[in-house]
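The values are calculated or read from the model by the stated rules, or taken from the named source; none is laboratory data. Keep in mind it's a predicted model, so treat the numbers as computed, not measured. All Cβ positions, glycine included, derive from the backbone under ideal geometry; neighbour counts span all protein chains shown. To get the accessible areas, we keep the full protein, side chains included, count just its heavy atoms, and leave off ligands, DNA and RNA. Shrake-Rupley method; radii C 1.70, N 1.55, O 1.52, S 1.80 Å.
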Amino acid sequence: MATWGYVAIDKSGKETKGSRDADSKEQVTRELKNQGMIVLDITEQNALTKDISIDFGGKPTPRDLAVFCRQFASITRAGVTIIQTLNMLAEQTENVKMQKALQAVRANVEKGESFADSLARHDNVFPELLVQMARAGEASGSLETAMERMAIQFEKSAKTQALIKKAMIYPIVVACVAVAVVIVMLVFVIPRYMDMFEELGTELPAITKAVVAMSTFIQNYWFIIVPVVAITVFAVKTWAKTNSGKHVVGKLALKIPAIKNMVVKSASAQMARTLSTLLTAGVPLIEAVDIVADTMGNIWFKEALKESVEQIMIGVPLSQPLQTSGLFPPMVYHMIRIGEEAGSTEEMLNKLADYYEEEVEMAVQSLMAAMEPMIIIVLACIVGVLIGAVMAPMVNLYAALDNL
């Protein structure tokens, strides 16, 4: 996702400048036009031209948004006005960025702006999905219901993300421990043993010589290794955010057997849940699929849904391009096709979402069960090599003494 600087004319006729994070220039243009702005110029910003701002509040998590939507629906249903509700929620939220955004939204609503348009002004806090649901709720007079549906949507999203993060914690911790053990062995343990072997004048085995060479290299050139590793990590992360990087990373996620199952099921659950939420709120299918595409994390699923929008525009049912993409499981497009024929697409999407959310949970558990022994074996092999490098000269020394 790149940062785009823009110059536009707002509803009051004043020229305004700002920046937004988006995947493309067209997305920024569409978002600004939806807010009633006239776009004059949009350019991609780099590290030198990017607006500098200090904000100690992190971006709201799906859990934060779920709590906001749930409380908003409950308070407004009790008869409290939207302005009072926003004031109450702004005071009690712990997220600084969200608090400031809610205060600004309240101020705009007081000026007569719609709730949805006020949310749209803060796209770095409130996702487009929430904005569209709020707009649909205001148009149909069921804003509370729309916000309740969004609360469920964000709660499901938060649960899925938590499961995936849970699966990643164990291998990351073990990998860090493995790196720490290797560094300690190479920097502190191996050199002490090598001094002892050199005093004895014994011939070192090949494995020991290799480990000693690695230990010497780390000790002599650590001041080069550390910045090289840091620069490499930064470069890879920066590249992964580019269009080509997203395609490569997304393709790898779909090729690696260990995580492919989880990625596909997670994308299917997200697509089905989000699309069902939008359609139930009365958002047109073409617009709903386009919004869902922007919420997808893997760029291949995103592009498949974008292509589906073009097919739907010419009268092709959604199930057909989903099947043609080859990314979604057969159950997804078969169930959607049944819903299209029976006129119950939203119901089928809900069932799909429930099914694949359970499948994601099972896939995460299976992945963790498979990774734990694999990681232990890898760690044991690394430590075993280091211990072997230390013990091999001692074994040779004892063998030589036995032959005397």
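Taking a probe of 1.4 Å, how large is the accessible area per residue of the chain, in Å²?
Counting only protein heavy atoms, the per-residue value for the chain is 55 Å².
What 222 nm value per residue comes from the helices of the chain, counting each DSSP H run with n ≥ 4 as -39,500 (n - 2.57) and dividing by all residues, nearest 500 deg cm²/dmol? List each step's numbers first, then the result.
On the way: 16 runs with 301 residues, N = 404.
It lands at -25500 deg cm²/dmol.
Enter the per residue convex hull volume of segment 144-268, computed from alpha-carbon coordinates, in Å³ rounded to the nearest integer.
Details: hull volume 21.7 nm³, N = 125.
In segment 144-268, the Cα hull volume divided by residue count equals 174 Å³.
Taking N as the number of residues in segment 230-318, what is its alpha-carbon radius of gyration divided by 2.2 N^0.38 Å? Spell out each step's value before the answer.
Details: Rg = 15.3 Å, N = 89, 2.2 N^0.38 = 12.1 Å.
In units of the 2.2 N^0.38 Å rule of thumb, it is 1.26.
With point charges of +1 on the Cβ of Lys and Arg and -1 on the Cβ of Asp and Glu, referenced to the Cα centre of segment 196-329, which listed residue (ALA206, HIS247, VAL264) lies farthest in the positive direction of the dipole?
Working it through, the farthest residue towards the positive pole turns out to be VAL264.
So how do 231-237, 25-31, 104-110 stack up, highest first, on mean other-Cβ count within 10 Å? Kindly include the intermediate steps, with their values, before the conclusion.
Working: 231-237: 10.1, 25-31: 16.6, 104-110: 18.1.
Ranked by mean Cβ neighbours within 10 Å, highest first: 104-110, 25-31, 231-237.
If you only keep lysine pairs separated by 8 or more in sequence, or across chains, how many in segment 179-261 come under 29 Å at the Cα atoms?
Total qualifying Lys-Lys pairs in segment 179-261 comes to 10.
Give the ranking of TRP239, TRP4, TRP300 by solvent-accessible surface, highest area first, calculated with a 1.4 Å probe. Write out the running numbers ahead of the final one.
Details: TRP239 105, TRP4 30, TRP300 70 Å².
Heavy-atom accessible area, descending, gives TRP239, TRP300, TRP4.
When the dipole is taken about the Cα centre of the chain, and only Lys, Arg (+1) and Asp, Glu (-1) are charged at their Cβ, what size is it in debye, to the nearest 20?
Details: 37 positive and 43 negative charges, 63 e Å.
Charge dipole of the chain: 300 debye, to the nearest 20.
Leaving out ligands, DNA and RNA, what percent of the accessible area of segment 272-404 is carbon and sulfur, probe 1.4 Å? It would help to have the intermediate numbers written out before the result.
Numbers: 4170 of 6590 Å².
Of the solvent-accessible surface of segment 272-404, carbon and sulfur hold 63 percent.
Note down, for the chain, the three equivalent ellipsoid semi-axes (square root of 5 times each alpha carbon gyration tensor eigenvalue), biggest first, whole angstrom. It would help to have the intermediate numbers written out before the result.
Working: eigenvalues 552, 143, 84 Å².
Working from the Cα gyration tensor, I get semi-axes of 53, 27, 21 Å.
When the chain is fully extended, how far beyond the present Cα-Cα distance does LYS59 get from ASP354, taking 0.36 nm per residue of separation? Present the calculation step by step, with values, prior to reporting the outcome.
On the way: separation 295, 0.36 × 295 = 106.20 nm, distance 2.73 nm.
Full extension of this stretch gives 103.5 nm more.
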